[in-house]
Amino acid sequence: MNVAPPGWPREVRPPDTPDWETTAASWLLDLCPADYRRYAGLRRHVVVLARFAVLHVDAGLAACRRGLSEARADLGQVAEPAVVDAAIQTFQLEEARLLAARRAVGLVEEALRGRRYVARL
């Protein structure tokens, strides 16, 4: 039985179902910068694309966390407090989105490397 664990992306079919790697590649490319589509090697080797996507999401998380930690000091003298608060809220929303993406891309990468998931009762 093909099982997708919690956090598996809706856009990607479960491992070992027909065309699951094709759906994985499409989803992974959507996570990455548009320029990644130019690289044939990434499209041909989905597990390599997954590694690139993991690193890209990790970098986004790091940037988001840095933005959160520095927002008041960086923006406090150039923007009103309400604007700074809105920027912080945006960073928090983006961090939550990226955390979910990081879990999903990690699961897809593991599946592409051969890990399979079993339904538990």
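On full extension of the chain, what length is gained from S26 through E11, given 0.36 nm per residue of separation minus the C-alpha to C-alpha distance?
Details: separation 15, 0.36 × 15 = 5.40 nm, distance 0.87 nm.
Contour length minus Cα-Cα distance gives 4.5 nm.
Where nothing but the Cβ of Lys and Arg (+1) and of Asp and Glu (-1) is charged, how large is the charge dipole of region 2-79 around its Cα centre, in debye to the nearest 20?
120 debye
Mind listing which chymotrypsin sites (Phe, Trp or Tyr not before Pro) in region 1-67 are in a DSSP loop and have 15 or fewer other Cβ atoms within 10 Å?
Working: sites: W20, W27, Y36, Y39, F52; in loops: Y39.
Here the sparse-neighbourhood loop sites are Y39.
Using the charge dipole of the chain (Lys, Arg: +1 at Cβ; Asp, Glu: -1 at Cβ; taken about the Cα centre), state which of A87, G76, W20 has its Cα farthest towards the positive end.
W20
7 Å from Cα along Cα→Cβ at both D19 and A73: what's the point-to-point distance in nm?
Calculated label separation equals 5.1 nm.
How high is the relative contact order of the chain, in percent, with contacts defined as C-alpha pairs under 8 Å that are six or more residues apart? Walk me through the intermediate numbers first.
Details: 106 pairs, mean separation 42.5, N = 121.
Reported as a whole number, the value is 35 percent.
Subtract the Cα-Cα distance of R116 and R65 from 0.36 nm times their separation in residues, and report this length gain in nm to one decimal. Could you put the intermediate results ahead of the total?
Details: separation 51, 0.36 × 51 = 18.36 nm, distance 3.17 nm.
Working it through step by step, the gained length comes to 15.2 nm.
At 27 angstrom or more along the helix axis (alpha-carbon based) and mean Kyte-Doolittle of 0.0 or higher, what helices does the chain contain? Whole DSSP H runs only.
Details: long enough: 46-75 (41 Å, 0.82); 81-112 (46 Å, 0.53).
Counting only whole DSSP H runs, the qualifying helices are 46-75, 81-112.
Whole angstrom only: what separates the Cα centroid of region 49-92 from the Cα centroid of region 26-45?
Each part's Cα centre sits 25 Å from the other's.
Quick one: length gained pulling R37 to L99 fully straight, 0.36 nm per residue minus the C-alpha distance? Numbers along the way, then the final one.
Values: separation 62, 0.36 × 62 = 22.32 nm, distance 2.34 nm.
Result for the pair: 20.0 nm of gain on full extension.
Quick one: pull the percent of accessible area on the chain belonging to carbon and sulfur, 1.4 Å probe, ligands and nucleic acids left out.
Working: 4260 of 7800 Å².
Carbon plus sulfur share of accessible area: 55 percent.
Which whole number in µm²/s is D for region 1-110 by Stokes-Einstein, with the Kirkwood Rh taken over Cα pairs at 4 °C and 1.567 mPa s? Walk me through the intermediate numbers first.
Values: Rh = 15.5 Å.
So the translational diffusion coefficient is about 84 µm²/s.
The values are calculated or read from the model by the stated rules, or taken from the named source; none is laboratory data. The shown structure was predicted, so the numbers you read here are calculated from the model rather than taken from an experiment. Here the Cβ is made from the backbone with ideal geometry for all residues, glycine too, and neighbour counts use every protein chain on show. The area values use the complete protein model at the heavy-atom level, side chains included, leaving out ligands, DNA and RNA. Shrake-Rupley method; radii C 1.70, N 1.55, O 1.52, S 1.80 Å.
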